[in-house]
Amino acid sequence: MKPLEIKKGIYWVGVVDWNVRTFHGHTYTTNRGTTYNAYLIVDDKITLVDAVYGPFAYELIEKIRQIVPPEKIDYVIANHVETDHSGALPELMKICPKAKLFGTEKCKEGLYRHYYPEWSDSSRDSSGSRSGTTLNDYIRDGNWDFQTVKTGDTLKLGRRTLTFIEAPMIHWPDSMFTYCAEEELLLPNDAFGQHYATSERFDDEADQCALMDEAKKYYANILWPLSSVILKKIEEILKMNISIKMIAPSHGIIWRRDPMKVINAYLSWAKNETKAKAVVVYETMWGSTEKMARKMTEGITDAGVNVRLFDVARSDRTEIMGDMLDAKGFIIGSSTHDNDMLTNIAGFLEFLKGLKPKGRIAAAFGSYGWAGGGVAAIEKVLKETGIEIAGPSLSVKYVPDEAELKRCYEFGVDFAKKM
Ligand code: FEO
């Protein structure tokens with residue numbers, strides 16, 4: 001694939017990873033693959049903004065070579081340490097060892113921890129305390145030439161100047177955005193990205209439903225717990241009154257037709273804004289809890305409220321979280337096993353707890369044989385997550401009869417009214 005000129009003299013030199021199906025270990029399913037976007041700015045100083053995942057270093061270097069000899073790169077901007085953006089740096093820096101790297105202080109430490117771990121080992125004495133060699137000493141001793149930058153620092157490339165904006169915890173401590181005023185271009189690395197492999201590069205070319213679906217899923221599974229930081233950062237950038245005509249993230253599609261579309265979506269998600277929408281998630285042993293879940297879902301539907309139903313053992317957790325991001329209500333169910341909930345739903349709730357949803361209501365339900373426990377266990381985790389329990393739970397012994405299924409239906413109707 002050829003590089004693509006996204007603005008005069010600025011090229012996408014990234015990689016499309018069509019077949020990656022899990023990310024962040026196996027915590028995130030990438031059913032539509034992903035891209036690792038890197039951008040080459042051709043000015044008096046040849047500048048690369050971000051790299052790609054290590055196994056694709058060759059593709060990055062070859063794309064750069066179609067524009068300029070890679071050894072001519074003067075500057076490399078490292079907006080983020082995570083290996084999907086920095087993994088190709090060691091190969092690249094072998095070709096242009098004189099290139100100067102720019103990133104935050106945390107980025108410097110992170111890159112050296114990733115690619116020069118001997119620094120941290122050699123600088124510790126036998127007790128494990130650090131002695132002698134500092135990180136700066138190590139860098140001076142012939143390794144990468146790294147210059148740390150802070151918010152407001154600028155780098156003149158020639159006709160263009162880059163401005164750096166630290167963005168700690170969006171989503172790592174080292175994260176940074178790079179802005180080019182002359183091009184009205186924001187390069188925010190992971191922020192506003194999507195795990196979405198396509199032959200199209202721009203929002204006006206892409207399938208709009210798939211694009212927003214992937215942007216939402218990305219936010220839900222990676223950024224949701226960082227919402228207060230994200231809200232502050234977006235408000236800070238909007239107050240800077242800078243013009244943004246294009247947002248070029250490090251994953252997926254580039255926003256050029258309507259960058260405010262994704263900024264406004266982030267503002268809404270960061271404020272934990274919700275719709276009258278319920279997500280019912282359950283795990284069942286022999287089908288009783290499933291019967292209850294289906295009747296509750298019928299009740300919610302007939303009450304005129306949008307609802308989604310998932311058997312957690314057969315569903316994709318990443319997709320469920322995407323659906324939960326804008327839902328006001330969660331109904332969680334499980335059969336009881338060993339006086340507890342089943343294991344898939346337990347893992348699901350543990351993940352949800354880490355995402356720190358705010359302003360939601362929830363209810364619990366499930367079936368049991370001789371002694372309960374599953375429903376109480378669900379309620380305990382929901383409370384620990386900070387979710388308001390909207391009403392009494394519903395439990396059924398063994399198999400729900402007709403009257404109990406009617407109660408499940410009414411449970412759904414009542415829950416819908418609470419939204
Ligand atoms: Fe796409 Fe945080 O790495």
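The values are calculated or read from the model by the stated rules, or taken from the named source; none is laboratory data. Bear in mind the structure is a predicted one, so any value in this text is a computation, not a measurement. Every residue, glycine as well, gets a Cβ built from its backbone with ideal geometry; the counts of neighbours run over all protein chains shown. Accessible surface is based on the protein model in full, side chains and every heavy atom, while ligands, DNA and RNA are left aside. Shrake-Rupley method; radii C 1.70, N 1.55, O 1.52, S 1.80 Å.
A residue that is assigned to a helix (DSSP H, G or I), more than 16 Å from the ligand (Cβ to nearest atom) and touching a residue at least 60 places away in the same chain (Cβ under 8 Å) can be found somewhere in region 55-66.
Looking only at residues in region 74-91 that are in a loop (DSSP other than H, G, I, E, B) and open to solvent by 10 Å² or more (accessible area, probe 1.4 Å), which one is farthest from the ligand (Cβ to nearest atom)? Here the residue is D74.
One residue stands out among those in region 23-50 that are part of a strand (DSSP E or B) and under 18 Å from D213 (Cβ atoms): the one that is farthest from the ligand (Cβ to nearest atom), which is T29.
Among the conditions (1) out of contact with any Asp or Glu (no Cβ under 8 Å at 6 or more places or on another chain); (2) surrounded by fewer than 22 Cβ atoms within 10 Å (Cβ to Cβ), the only one that G158 does not satisfy is (1). Applying the criterion of at least 2 residues that are within 14 Å of N79 (Cβ to Cβ), more than 15 Å from the ligand (Cβ to nearest atom) and without any contact (Cβ under 8 Å) to a residue 60 or more places away in the chain to the strands (runs of 3 or more DSSP E) found wholly in region 149-259 leaves an empty list. Name the residues in region 92-114 that are crowded, with 16+ Cβ neighbours inside 10 Å and either acidic (D, E) or away from the ligand (no atom under 16 Å from the Cβ) (or both), would you? Once the filter is applied, which keeps residues that are crowded, with 16+ Cβ neighbours inside 10 Å and either acidic (D, E) or away from the ligand (no atom under 16 Å from the Cβ) (or both), region 92-114 yields L92, M93, I95, C96, A99, K100, L101, F102, K108, E109, Y112. For region 368-404, the candidate set comprises residues that are more than 39 Å from the chain's Cα centre (by Cα) and aliphatic (A, V, I, L, M); within that set, the residue that is most open to solvent (accessible area, probe 1.4 Å) is V399. Based on what the data block shows, is M324 more than 16 Å from the ligand (Cβ to nearest atom) and crowded, with 21+ Cβ neighbours inside 10 Å? Criteria met by M324.
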